[in-house]
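To keep things clear, I will list the structure first and then write my remarks on it.
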Amino acid sequence: MRSDWIIEAKNLKKYYGNFCAVGGISFDIAAGETFAILGENGAGKSTTMRMIACRSPISEGNLTVNGYTVGADDRKIRSVLGVVPQENNLDPDLNVLENLIVYSRYFRIPYEAALERSRKLLDFIRLSEKAKAKVDSLSGGMKRRLVIARALIHEPSILLLDEPTTGLDPNVRQEIWEKIDDLRSERKITVVLSTHYMDEAEKLSGRLIVLANGKIAATGHPAELIRSRVGKFALEVREAKGVPLANVDHSITAVSRGSLHIYFGENTDELAKLMPQYGSRPMILRPSNLEDVFLGVIAS
Amino acid sequence: MIALSKVDVVDSLSVWRRNSRVYLRLWKTEMIAPVIEPVFTFFAFGFGVGALVTSQIQGMSYLAFVGAGVLAFTVLMRVIFEVTYGAYFRMVYQSTYDAILATPVNAESLAFGEILWAVTKGVIDSIFILPLIVIFGAASSAFTPLAIIPLVLGCIFLAGLGLALTAHVFEIDHFNIFFAIFFSTIFLCGAWFPVELLPRWLQIIAYAIPTTSVIDLTRAFLTGNFAGRHWIEFFYVVAAALICLEWALKSVRKRMVV
């Protein structure tokens, strides 16, 4: 066991009545790491995040954060956690700056320090000019950035991002990713993010787990997972309904999904050989990505 | 385990300060209401109904009798609205509770802060209304300022009861039932006429409702007519306040921490 694990989960379970939302998962997250929890809606991502944040009592198993046990030292844990929830929950009764100042009180930050930090954070998220603006007047991206700034007001060592870019425009997503990158390089903060976007996990995370029905379906580095699960390249054929999958040898994996056929292999030449039999159907030969792994894992 | 023991007062005060900040931003509208309402209640009950009532009630004029009713009714209403619609908006529509519970503040301290704030609003209103009561000639006793004591207890009782119910409400329209009960009972509670005029069985119900004791105690301080029963009423309200406070704290945890 490594000594620098900042979050350790052992056989973590969560029941809501008879429904099992998380069914015994174990994982460790190292200090300074960016760790992603991937999964479809309802796979147990948010529940896991809420258990880490001491917001949802654990039903079974053991979870420690920063050396403290969830369920026993919740106050100590929450004081080192920055939480960015799935839904923006900024305070509409307060303006932008007040949102940060009022929040800082819950962490008992003295007013002067809170004001200084708030100004720096507004600068960091480029919202200084909106300090007196009403929260409702902000765009979706601005609100998201403000929620992230609010989560940083007490200089946490761990940042929990629950689906940080769900529902945002592509350019706003880029902006949020940029901020998360800045944070990682500037503050050496541990980032735990949940997402159902493969590109997000691939871009941001060092290691990840894939959750399916409350269980861990795969774990590893994105590149490693792609290599071990699906092979380097993918041939994707569209509008292939009614066409049987090509006979391939064991070095190639064939998958059919609706009218889509996908072949995974280690080199492009092998895959290219399959192309003629599909005639003029639209196809693309590309590097495999995390989405392929994810869909493969979910399908199995 | 007693939920009250989990309250961290400093945390509760942070929640209280959040609400007071919002209140101060809207202070003009917030402060006009507690003045307008009792003035017109006095017009209606003191002068309107009062003109019809020529007999003395418990040895006083109807206007003197109804002062405690006007005061308690206005203050308790303020509290009820704060912990029902006010709290429900913060809990459900604005997710303010969710945001707060991601910090070191626990559910009990959050609930206690909300109740503390509702009671504060009740106290602010009392401070506005008490001089009005004196101006209208409905308070004659030197003990008048002490009427704040039963009012605070009544505020804690109804703030606790209201917040506990809010924590059980999943549909905002369900408040209608609660308000129907609240408004019906307040008519029984000796605000506008003495409980003794009711049939025996209704009197029993009326005295079972702690609001009756709150109003009777308030009246005692405004008029200076104290009796032995006031001690019983005092302890009854204290007990009701503590029970409802504890229930509110437990209910908010049950609702928010799942």
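Each reported figure results from applying straightforward, stated rules to the coordinates on display, with no laboratory input. The structure presented is a predicted model; accordingly, all values stated were derived computationally and were not measured. No Cβ is skipped: glycine too gets one built from the backbone with ideal geometry, and neighbour counts run over all protein chains shown.
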Cleavage-rule hits, trypsin sites (Lys or Arg not before Pro), region A:199-283, DSSP coil, Cβ neighbours within 10 Å at most 16: A:Lys232, A:Arg238, A:Lys241, A:Lys273
Computed FRET value (nearest 0.05) for B:Ser140 with B:Lys6, which takes r as the C-beta separation and R₀ as 35 Å: 0.20
Local net charge near B:Ser213, Cβ-Cβ under 14 Å (Lys/Arg +1, Asp/Glu -1): 0
Where GluC sites (Glu not before Pro) in DSSP loops with at most 15 other Cβ within 10 Å are excluded, longest remaining stretch of chain A: A:88-238
Peptide-level mean, for A:100-110, of C-beta atoms on other protein chains within 10 Å: 5
DSSP-defined beta bridges in region A:5-220 - what % are antiparallel, rounded to 5: 55
Loop-located GluC sites (Glu not before Pro) in region B:101-207 whose Cβ has at most 15 other Cβ within 10 Å (DSSP): B:Glu171
Top positive-direction residue, dipole computed over chain B with Cβ charges, set B:Thr96, B:Thr74, B:Val195: B:Thr96
Extension gain, A:Gln174 back to A:Ser251 (0.36 nm per residue minus Cα-Cα distance, nm): 24.1 nm
20 Å Cα-Cα threshold exceeded, pairs from A:Lys10/A:Lys215; A:Lys134/A:Lys179; A:Lys232/A:Lys273; A:Lys143/B:Lys121; A:Lys130/B:Lys28; A:Lys120/A:Lys188: A:Lys134/A:Lys179; A:Lys143/B:Lys121; A:Lys130/B:Lys28
Label zone at B:Leu197 (point 7 Å along Cα-to-Cβ), backbone N below 13 Å, region B:25-57: B:45-46, B:49-57
DSSP bridge pairs, the protein assembly as shown: antiparallel proportion in percent, nearest 5: 65
Centroid-to-centroid separation of region B:215-235 and region B:144-200 [C-alpha atoms, Å]: 18
A:Asp269 paired with A:Glu60, simple spin-label distance in nm, labels 7 Å along Cα-to-beta-carbon: 5.3
Using a Förster distance of 41 Å, the FRET efficiency for A:Ser139-B:Thr185 (Cβ separation, nearest 0.05): 0.30
Test item: B:9-16 mean partner chain Cβ contacts at 10 Å: 2
Euclidean distance between Cα centres, region A:79-132 to region B:80-129, Å: 20
Separation of the B:Leu24 and A:Ile284 label points, Cα + 7 Å toward Cβ, nm: 5.6
Gyration tensor (alpha-carbon) shape descriptor, the protein assembly as shown, a/c threshold 1.5: prolate
Listed residue (A:Val237, A:Asn247, A:Met275) projecting farthest to the positive dipole end of region A:226-299, Cβ model: A:Val237
Cleavage-rule hits (chymotrypsin sites (Phe, Trp or Tyr not before Pro)) in region B:190-239: DSSP loop, at most 14 neighbouring Cβ within 10 angstrom: B:Phe226
Residue (of A:Leu122, A:Gly141, A:Leu168) at the positive-pole extreme of chain A, dipole from beta-carbon charges: A:Leu122
Partner chain coverage, peptide A:82-90 - average Cβ within 10 angstrom: 3
Dipole magnitude (debye, nearest 20) for the protein assembly as shown, charges at Cβ of Lys, Arg, Asp, Glu: 320
